[in-house]
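The structure appears right after this line, and notes come after that.
The values are calculated or read from the model by the stated rules, or taken from the named source; none is laboratory data. Every value quoted in this text rests on a predicted model; they were computed, and no experiment measured them. When we count neighbours, we look across all protein chains shown, and the Cβ atoms used for this are built from the backbone with ideal geometry, even at glycine. Accessible surface is based on the protein model in full, side chains and every heavy atom, while ligands, DNA and RNA are left aside. Shrake-Rupley method; radii C 1.70, N 1.55, O 1.52, S 1.80 Å.
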Amino acid sequence: MNYISTRNASLKVSGAEAIVGGIAPDGGLYVPETMPEVTEKEREALIDMDYPERASFIIGKFLPELKDELLSMCEKAYSRFDGDPAPLVKIEDNFYLLELWHGPTHAFKDMALTLLPYLLTGSKRVLGRMDRTLILVATSGDTGKAALEGFKDVEGTDCIVFYPSGGVSELQQLQMQTQKGGNVFVSAIEGNFDDAQTAVKNIFTDDGIRDKLASFGYNLSSANSINWGRLVPQIAYYFSAYADLVSGGEIEDGDKVAFSVPTGNFGNILACYYAMKMGLPVERLVCASNSNNVLTDLFDTGIYDVRREFYKTISPSMDILVSSNFERLLFEISGRDDKLTARRMEELKANGKYVVSDRELSELSQIFFADYSSDEATKETIADFFEDTGYILDPHSAVAVSAADAYVGDEEIPIVTVCTASPFKFVGSVLEAIGTGVPKSAIKALEKLEDETALPLPDSLKELETLERRFTGVVGKDGIADVVINYAKERA
Ligand SMILES: *Cc1c(COP(=O)(O)O)cnc(C)c1O
């Protein structure tokens, strides 16, 4: 199976090459040349499988070169989860939550980043690559920690993470600063997530830096969702949720279902779009944003415009204006027009906006429903939902529940809201929302949330305060390349 760049369809590589490379040399994103299908029979077969079996079946469609090893890779990756990696929780008829935060770092990024190191190491083996891989990550908070945990002490790899200084939650920062492992490095950068992401992307397309790193024995790759290896494990949980709905007698196979997804870089919701293209009966995709509602506006008006204020919200993992993966969707709805996609991305870079055609907008509106929540509305959702159901949502999941409500207002079809983080990870905002006082220390706050909700507090969060803070540095935006080069030089 081949992969092509969204900016040049004649640039073809294998799945293994796409994963090892991370991003195409022309700055485009790799997408499958043709979308594999999951037949009705195959979909039914998923019902009797456990999660690692389901995941390896779906992923195997995209990475045939790793087929023989995939099941054991998935078993190892998902054994790091606390129980079922993707449990479906019924709240009431036609309203379900898909909890994706039972992994080692308590956010949905673990669904892909526990597995990516295996996919990467396996891909290097297939390609006979002996160089070291330097994983560069720009994070709005959760990807960084999940990548660090995934790649920690993995043979032949190193992982460097940049996060926006002051732009992540206290616990997210503590999680990253205290990271263990001999092959990791973390730094804050002066700027927001978009600055971090742009700086990292620039390194990927800078031949001078790549050559220098190569001279130290390093090849660059990415653990952000621009890497196909990050996206493909995410497709699996949509099929898994559907299989659980059927096996639980909630729907009949073939019935359509909607999904509501809290969206930032557009990776999670894009995985659902791909699942739909592969044959999953999806009625509608609800794209839920916070006040950084570039996407809500795009779905309303057809104009993608990032020239606006950047808000720091209580759902920081969605504080993003330039959603990288939207490029993959643009490529698809333009009829896979690589020239047009490349032009639009140039326009975005030069002018901060582009416009989609009326035909494209009408196609988008048939597939997507978009809505957004302010912080005030998000806190209200957390409080109301807790009062009505006893279930405590984190702010990201609450944004998606609120958008799901807005959509269900229209139509009575089953809707699954994707829950992306444990409420403990954003404990301050959650306690504020439910109207209890917020203790000053993060650890005291965790204990308070445990008391209020009777949810078990994960040990890995409780112990954070006692761990050494290894990485407390901050660099300017222009300093990122030096950090990366110096890291490689020291280890060469
Ligand atoms: C990353 C993240 C999101 C956004 O997911 P994208 O794939 O970037 O759209 C939402 N919620 C949480 C908790 C996250 O960590």
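Here is how the numbers come out for the structure above:
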| quantity | calculated |
| --- | --- |
| The one condition in (1) buried (at least 18 other Cβ atoms within 10 Å of the Cβ); (2) assigned to a helix (DSSP H, G or I) that LYS76 fails to fulfil | (1) |
| Residue match in region 226-243 (condition: of a type in the set (A, V, I, L, M, F, W, C), within 12 Å of the ligand (Cβ to nearest atom) and touching a Phe, Trp or Tyr at 6+ places or on another chain (Cβ under 9 Å)) | yes |
| Conditions (1) under 14 Å from the mean Cα position of the chain (by Cα); (2) modelled with pLDDT of 95 or more: number failed by LEU213 | (1) |
| Residues located in region 273-309, provided they are among the hydrophobic types (A, V, I, L, M, F, W, C) and under 22 Å from LEU321 (Cα atoms) | LEU285, VAL286, CYS287, ALA288, VAL294, LEU295, LEU298, PHE299, ILE303, VAL306 |
| Where a residue in region 258-274 is over 20 Å from PHE310 (Cα atoms) and its partner, wherever it lies, is assigned to a helix (DSSP H, G or I) and within 7 Å of the ligand (Cβ to nearest atom), with Cβ under 7 Å and at least six apart | VAL261/ASN268; VAL261/ILE269 |
| Selected residue (criterion: farthest from GLU42 (Cα to Cα)) from residues of region 256-271 that are touching a helix residue (DSSP H, G or I) at 6+ places or on another chain (Cβ under 8 Å) and more than 10 Å from the ligand (Cβ to nearest atom) | SER260 |
| Among (1) under 18 Å from GLY479 (Cα atoms); (2) assigned to a loop (DSSP other than H, G, I, E, B); (3) within 17 Å of the chain's Cα centre (by Cα) - the single one VAL161 does not satisfy | (2) |
| Enumeration of residues in region 100-128 that are in a helix (DSSP H, G or I) and either of a type in the set (Gly, Ala, Ser) or under 15 Å from the mean Cα position of the chain (by Cα) (or both) | ASP110, MET111, ALA112, LEU113, LEU116, GLY122, SER123 |
| Filter result for SER429 (of a type in the set (Ser, Thr, Tyr), more than 29 Å from ASN293 (Cα to Cα) and open to solvent by 20 Å² or more (accessible area, probe 1.4 Å)) | no |
| Tally, over region 164-200, of residues that are outside any helix (DSSP H, G or I) and aromatic (Phe, Trp, Tyr) | 1 |
| Members of region 104-132 that are within 10 Å of the ligand (Cβ to nearest atom) and among the aliphatic types (A, V, I, L, M) | ALA107, ALA112 |
| When residues of region 44-72 are limited to those that are touching a Gly at 6+ places or on another chain (Cβ under 7 Å) and in a helix (DSSP H, G or I), the one most open to solvent (accessible area, probe 1.4 Å) | LYS67 |
| Given (1) assigned to a strand (DSSP E or B); (2) in contact (Cβ under 8 Å) with a residue 40 or more places away in the chain; (3) surrounded by fewer than 19 Cβ atoms within 10 Å (Cβ to Cβ), index of the condition LEU11 fails | (2) |
| Options THR466, THR436, THR472: the member that is β-branched (Val, Ile, Thr) and in contact (Cβ under 8 Å) with a residue 40 or more places away in the chain | THR472 |
| Failed item in (1) open to solvent by less than 60 Å² (accessible area, probe 1.4 Å); (2) touching a helix residue (DSSP H, G or I) at 6+ places or on another chain (Cβ under 8 Å), with GLU17 passing the rest | (1) |
| Residue match in region 33-52 (condition: free of Cβ contacts under 8 Å to residues at least 60 places away in the same chain, within 30 Å of ARG343 (Cβ to Cβ) and of a type outside the set (S, T, N, Q)) | yes |
| Matching residues in region 457-473 - criterion: being open to solvent by 80 Å² or more (accessible area, probe 1.4 Å) and either outside any loop (DSSP other than H, G, I, E, B) or of a type in the set (Lys, Arg) (or both) | ASP459, LYS462, GLU463, GLU465, THR466, ARG469, ARG470 |
| Subset tally (residues that are within 14 Å of the ligand (Cβ to nearest atom), open to solvent by less than 30 Å² (accessible area, probe 1.4 Å) and of a type outside the set (Gly, Ala, Ser)) for region 84-103 | 4 |
| Residue among ILE135, ILE203 that alone is surrounded by 24 or more Cβ atoms within 10 Å (Cβ to Cβ), more than 14 Å from the ligand (Cβ to nearest atom), hydrophobic (A, V, I, L, M, F, W, C) and farther than 21 Å from ALA421 by Cβ | ILE135 |
